[in-house]
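Engineer: Mind looking over this structure? Questions follow.
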Amino acid sequence: MQPPDLSTSPGAIWRLTWPQMLMMYIVFFMGFMAVWVAGQIGADVQAALGMVTQCSMLLMVVIMSIASGATAAVSQSMGASRLRRACRYIAATVIGSMGLGLLMAVFGFYFGQDILKLLSVPVNILPVTEDIWQVNMLALPAQYIYAATGVMFRATRQVMPPLWVAGLVCTVNFFACLGLGLGWFGMPVYGYMGLAWANFCAQCLGAICNCLLLIRSGYLRWDALPAFRWLRSALPYLIKVALPAGTAQIVWQSGYLMLFVLVGTLPYDSVDALAGLTAGQRAESLLFLPAMAFHMSASVLVGNCLGAGKTKEAKRVGLQLVVMSSAGMSLIASLLWPFRQDIAMLLTQDMGAQAQIVSYLTYNMLSTPFSIASTVM
């Protein structure tokens, strides 16, 4: 196990950020592929997939909060050259994510029907939504572990291993979505359930590969498992950082979820509107996901600086990343602006859903400089 490079030079920032940007585009492609296949099956499947995805994101708030606390703890430990302490935080995070993932999956599985009815899912897509939801709950523990281990790689500035894993996961997901969803490559056609099982396989593969690579790198070891006495003193710091981050995520994801609820209860064209919202969010992620890469880099670099006691450098690096990301993504949004209708036509064959996608992209592309800056900050 080699200590990471703790430099905050422009070259170091770029080396940390570009693999994460590429990884985010891989995530974008996976989501885009699922929405595209759903659109080929029908607008009802596209709407159901969007509803389940947004509800699942709300359940992911727990691991996002833990990941925020773990990123701060690990990156600051690295900045202070406390590698053994960093390993203990990594082991605690991976084990905790597994337990929390199982707990949230059981909760979501047994209360799934009540949750979906509470969210006013349109009756005509409720059976499809329930089927996809159940498979997504089976995949939730692996999704928790995959997310947590990916964060641990970034916190230790090991950005290439998770990139290779993301590429492998994307390839498997690509063939599974097209094969199981539409019957390509001579595979049996399972329709929307094929999409659900494709996601399950992808999340399990990512979790297993990331854990094995963390073990190989030396950051996840049996002798680094924290004792109860150490946890009693270390967990309060994780909670101190995770609670504000978790609250922000709950507010953020609840806002998106409320948007789905309001759209789903429209007196007319609710299915087309839900399908358009689902596909529009996927297209918007072409701008949003790279901002998440800058956000992750900022978390790690600022944490390193704070761990080393360099507060002024932490502020400089943070503001530099905010400006870079806002300017870059605003430029991309301006280039995509004339092609909103083409993007909509690519995502779905339904004319009503296409109109909703164009409307969604119009407003959200205009707000790009503000949404990107707030994400990184």
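Engineer: Report yes if some residue within the range 359-372 is in contact (Cβ under 8 Å) with a residue 24 or more places away in the chain, more than 30 Å from Leu238 (Cα to Cα) and touching a Lys or Arg at 6+ places or on another chain (Cβ under 8 Å); otherwise report no.
Structural biologist: For the range 359-372, residues in contact (Cβ under 8 Å) with a residue 24 or more places away in the chain, more than 30 Å from Leu238 (Cα to Cα) and touching a Lys or Arg at 6+ places or on another chain (Cβ under 8 Å): present.
Engineer: Any idea which of (1) within 22 Å of Gly255 (Cβ to Cβ); (2) out of contact with any Ser or Thr (no Cβ under 9 Å at 6 or more places or on another chain) is the one Val128 doesn't satisfy?
Structural biologist: So Val128 meets the others, but not (1).
Engineer: Look at Leu286 and say whether it is of a type in the set (A, V, I, L, M, F, W, C), in a helix (DSSP H, G or I) and in contact (Cβ under 8 Å) with a residue 24 or more places away in the chain.
Structural biologist: Yes.
Engineer: Any residue that is of a type outside the set (A, V, I, L, M), in a helix (DSSP H, G or I), modelled with pLDDT of 75 or more and closer than 30 Å to Gln281 by Cα - is there at least one of those in the range 79-93?
Structural biologist: Yes, the range 79-93 has at least one match.
Engineer: From the list Val27, Val45, pick out the single residue that is closer than 14 Å to Ala196 by Cα and in a helix (DSSP H, G or I).
Structural biologist: Matching residue, one of Val27, Val45: Val45.
Engineer: While we're on this one: Residue under question is Leu225, and the condition is that it be farther than 17 Å from Ala34 by Cα and of a type in the set (A, V, I, L, M, F, W, C); does it hold?
Structural biologist: The answer is yes for Leu225.
Engineer: Residue check: is Val189 at pLDDT below 85, outside any helix (DSSP H, G or I) and in contact with a helix residue (DSSP H, G or I) (Cβ under 8 Å, 6 or more places away or on another chain)?
Structural biologist: Yes: the conditions hold for Val189.
Engineer: Has the range 305-324 got at least one residue that is part of a helix (DSSP H, G or I), touching a residue at least 60 places away in the same chain (Cβ under 8 Å), in contact with a Gly (Cβ under 6 Å, 6 or more places away or on another chain) and over 21 Å from Ile26 (Cβ atoms)?
Structural biologist: Yes, there is a match, as at least one residue in the range 305-324 is part of a helix (DSSP H, G or I), touching a residue at least 60 places away in the same chain (Cβ under 8 Å), in contact with a Gly (Cβ under 6 Å, 6 or more places away or on another chain) and over 21 Å from Ile26 (Cβ atoms).
Engineer: Also: Would it be correct to say that Leu331 is surrounded by fewer than 14 Cβ atoms within 10 Å (Cβ to Cβ), without any contact (Cβ under 8 Å) to a residue 60 or more places away in the chain and under 26 Å from Leu58 (Cβ atoms)?
Structural biologist: Details: surrounded by fewer than 14 Cβ atoms within 10 Å (Cβ to Cβ): yes; without any contact (Cβ under 8 Å) to a residue 60 or more places away in the chain: yes; under 26 Å from Leu58 (Cβ atoms): no.
It is false that Leu331 is surrounded by fewer than 14 Cβ atoms within 10 Å (Cβ to Cβ), without any contact (Cβ under 8 Å) to a residue 60 or more places away in the chain and under 26 Å from Leu58 (Cβ atoms).
Engineer: Go through (1) without any contact (Cβ under 8 Å) to a residue 40 or more places away in the chain; (2) farther than 15 Å from Leu205 by Cβ one by one and return the number of the condition Phe175 breaks.
Structural biologist: (2)
Engineer: If Met258 meets every condition in (1) over 23 Å from the mean Cα position of the chain (by Cα); (2) without any contact (Cβ under 8 Å) to a residue 60 or more places away in the chain apart from one, which number is that one?
Structural biologist: (1)
Engineer: What number of residues within the range 334-358 are in a helix (DSSP H, G or I), loosely packed, with under 14 Cβ neighbours inside 10 Å and either in contact (Cβ under 8 Å) with a residue 24 or more places away in the chain or of a type in the set (S, T, N, Q) (or both)?
Structural biologist: Qualifying residue count, the range 334-358: 3.
Engineer: Which condition number does Trp197 fail, the rest of (1) surrounded by 16 or more Cβ atoms within 10 Å (Cβ to Cβ); (2) under 25 Å from His295 (Cα atoms); (3) of a type in the set (Phe, Trp, Tyr) being met?
Structural biologist: In the conditions (1) surrounded by 16 or more Cβ atoms within 10 Å (Cβ to Cβ); (2) under 25 Å from His295 (Cα atoms); (3) of a type in the set (Phe, Trp, Tyr), Trp197 misses (2) alone.
Engineer: Any residue that is assigned to a helix (DSSP H, G or I) and either within 19 Å of Asn210 (Cβ to Cβ) or among the small types (Gly, Ala, Ser) (or both) - is there at least one of those in the range 2-10?
Structural biologist: Taking the range 2-10 first, the residues assigned to a helix (DSSP H, G or I) are 10.
From what is left, the residues that are either within 19 Å of Asn210 (Cβ to Cβ) or among the small types (Gly, Ala, Ser) (or both) are none.
No, the range 2-10 contains no residue that is assigned to a helix (DSSP H, G or I) and either within 19 Å of Asn210 (Cβ to Cβ) or among the small types (Gly, Ala, Ser) (or both).
Engineer: Please enumerate the residues belonging to the range 44-103 that are hydroxyl-bearing (Ser, Thr, Tyr) and within 30 Å of Glu130 (Cβ to Cβ). Walk me through how you get there before you give the answer.
Structural biologist: Here is the first cut: in the range 44-103, the ones hydroxyl-bearing (Ser, Thr, Tyr) are 53, 56, 65, 68, 71, 75, 77, 81, 89, 93, 97.
If the condition is that a residue be hydroxyl-bearing (Ser, Thr, Tyr) and within 30 Å of Glu130 (Cβ to Cβ), then Thr53, Ser56, Ser65, Ser97 are the ones that fit.
Engineer: Quick check, is Tyr110 within 15 Å of the chain's Cα centre (by Cα) and of a type in the set (Phe, Trp, Tyr)? Step through it out loud before you land on a result.
Structural biologist: Numbers: within 15 Å of the chain's Cα centre (by Cα): no; of a type in the set (Phe, Trp, Tyr): yes.
For Tyr110, the condition - within 15 Å of the chain's Cα centre (by Cα) and of a type in the set (Phe, Trp, Tyr) - is not met.
Engineer: Considering only residues of the range 167-178 that are surrounded by 19 or more Cβ atoms within 10 Å (Cβ to Cβ) and out of contact with any Leu (no Cβ under 8 Å at 6 or more places or on another chain), which is nearest to Val151 (Cα to Cα)? Show your work before the answer.
Structural biologist: Our first condition is that a residue be surrounded by 19 or more Cβ atoms within 10 Å (Cβ to Cβ); within the range 167-178, this holds for 169-170, 173, 176-178.
Next cut, out of contact with any Leu (no Cβ under 8 Å at 6 or more places or on another chain) only: 170, 173, 176, 178.
On the way: Cys170: 18, Asn173: 21, Ala176: 26, Leu178: 29 Å.
Checking each candidate, the answer is Cys170.
The values are calculated or read from the model by the stated rules, or taken from the named source; none is laboratory data. Predicted, not measured: the structure shown is a model, and the values here were computed from it. All Cβ positions, even for glycine, are placed from backbone atoms using ideal geometry, and neighbour counts span all protein chains on display.
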